[in-house]
Amino acid sequence: MSTTLEAILRDQMVTFLVSKNIVCPRTGAALDARTCVVLTDRDGDPAAVVSHEGWEQITGDPDTLARLAKHGLTVDSTTVR
């Protein structure tokens, strides 16, 4: 279970990633920190964000999923519809 401070830091990291990228790298759709799909690194920290449509494209591409796994990136299941 995460503490309040951990939850606040996680939300701030996601907000930073969204503000840094602004649009989904897969679809070009505008990102929203409240609704984006979050990819986490090996430590469980947010590392990248994509739109839900972008995540659907990624899940349909085994090569991309393999590259993500190779780099230690996993999806935060709480952010997927």
* **Gln57 paired with Ser77, simple spin-label distance in nm, labels 7 Å along Cα-to-beta-carbon** => 2.6 nm
* To do: Could you calculate the contour length gain from Asp11 to Arg67, that is, 0.36 nm times the residue separation minus the distance between their Cα atoms, to one decimal place in nm?
  => 17.6 nm
* Structure fact -> Given 4 °C, 1.567 mPa s and a Kirkwood radius over Cα pairs, the Stokes-Einstein diffusion coefficient of the chain in µm²/s is 101 µm²/s
* For every other residue with a beta carbon closer than 15 angstrom to the beta carbon of Leu5, add +1 if it is Lys or Arg and -1 if Asp or Glu, then tell me the sum. => -2
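Read-outs throughout are calculated quantities, based only on the coordinates presented, and are distinct from any laboratory measurement. A quick note: this is a predicted structure, and the numbers were derived from the prediction, not measured. Cβ coordinates were reconstructed from backbone atoms using ideal geometry, including for glycine residues, and neighbour counts include every protein chain displayed.
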